[in-house]
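What follows is a set of notes on a single structure, which appears directly below.
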């Protein structure tokens, strides 16, 4: 699922108030880190991560894209060393999930 710019803007606003819970350190993106991020995405849908300074292998963009691919999520934004990922939860009831704005339908001309 590809996010629209309005949906990204909505998720960026929601991400302002959350804490960073995924830290990519000198070990890089390991199976353990992918499992932690996957579990957090299922529980929260929106997570914030950070690439620590002791990691010379990844910059934030590369780390976010690789982690998004491994967890089947979408990169919402990357700023400096921080990034935000989103994936709709399937275990939460529909009314408890993040309700994204609908994509506008194009009018016929």
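All of the numbers you see were taken from the coordinates with simple rules; none came from a lab. Since this is a predicted model, take the numbers as computed values, not measurements. Ideal geometry is used to build each Cβ from the backbone, glycine not excepted, and the neighbour counts take in all protein chains shown.
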Arrange the following residues from fewest to most other Cβ atoms within 10 Å of their Cβ: 6, 96, 48. 96, 6, 48
Fraction of beta bridges assigned by DSSP in the chain that are antiparallel (%, nearest 5): 70 percent
Calculated mean projected area of the Cα convex hull in nm² (choose from [x] 8.0; [y] 6.8; [z] 7.6), label: [x]
Between residue 57 and residue 3, what FRET efficiency comes out of the Förster formula 1/(1 + (r/R0)^6) with R0 = 22 Å and r the beta carbon distance, rounded to 0.05? 0.25
Helix 60-71 versus the longest principal axis of the chain: what is the Cα-based angle in degrees, 0 to 90, to the nearest 10? 70 degrees
Compute the helix-to-body angle for 5-15: its Cα long axis versus the longest principal axis of the chain, expressed 0 to 90° and rounded to tens. 50 degrees
Whole angstrom only: what separates the Cα centroid of segment 11-63 from the Cα centroid of segment 69-87? 7 Å
How far, in degrees from 0 to 90, does helix 31-44 lean away from the longest principal axis of the Cα atoms of the chain, to the nearest 10? 30 degrees
Relative contact order of the chain, defined on C-alpha pairs under 8 angstrom at six or more residues apart (%): 30 percent
Which order results if 59, 19 are arranged by neighbouring Cβ count within 10 Å, fewest first? 19, 59
By count of other Cβ within 10 Å, fewest leading, how are 87, 8, 61 ordered? 61, 8, 87
Based solely on its DSSP helices, what 222 nm [θ] is calculated for the chain when runs of n ≥ 4 H residues each add -39,500 (n - 2.57) and the sum is averaged over all residues, nearest 500 deg cm²/dmol? -10500 deg cm²/dmol
